[in-house]
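Single-structure report; data block below.
The values are calculated or read from the model by the stated rules, or taken from the named source; none is laboratory data. Because the structure is predicted, anything quoted here is derived from the model rather than measured. Quick reminder, even Gly has a Cβ in these numbers, built from the backbone with ideal geometry, and neighbours come from all protein chains shown.
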Amino acid sequence: MHTTFMERTYTWLTLSTMLLGVVIAGMFGVSLLIGGSAGESLAVFSGKLMTWGIRLAAIATLAGLVHIYLSKKHSLTMDADTDLPEEEEVVELNSLERRAL
């Protein structure tokens with residue numbers, strides 16, 4: 001129950017952070033095109049909005065870490081029941097087969 005809530009929280013926070021980044025990039029582009037004091041004001045507002053985007057990204061990262069630990073699916077942890085490849089059978093080769101290899 002907690003893992004699905006945390007997964008959804010992480011997903012939505014990450015998606016909104018990325019969308020905010022795209023909007024801010026567009027705002028910087030528009031401010032560059034219009035220039036002057038209006039462009040400067042838009043760029044300053046975009047910079048202030050970006051600080052909120054950085055905070056939102058940090059919260060999304062925290063939610064992702066909590067999800068990883070609650071679901072107990074650590075990407076760098078090896079489980080005993082993971083599917084390992086079976087050991088290959090050792091076959092004796094005759095001299096013709098050895099020369100081919």
Residue tally, condition surrounded by fewer than 16 Cβ atoms within 10 Å (Cβ to Cβ) and part of a helix (DSSP H, G or I), over the stretch 1-20: 11
Any hit, the stretch 40-61, residues being in contact with a Phe, Trp or Tyr (Cβ under 9 Å, 6 or more places away or on another chain) and modelled with pLDDT under 90: yes
Where residue 74 falls short, out of the listed (1) within 20 Å of the chain's Cα centre (by Cα); (2) at pLDDT 85 or above: (2)
All positions within the stretch 39-71 that are surrounded by 13 or more Cβ atoms within 10 Å (Cβ to Cβ), within 14 Å of the chain's Cα centre (by Cα) and free of Cβ contacts under 8 Å to residues at least 40 places away in the same chain: 61, 62, 68
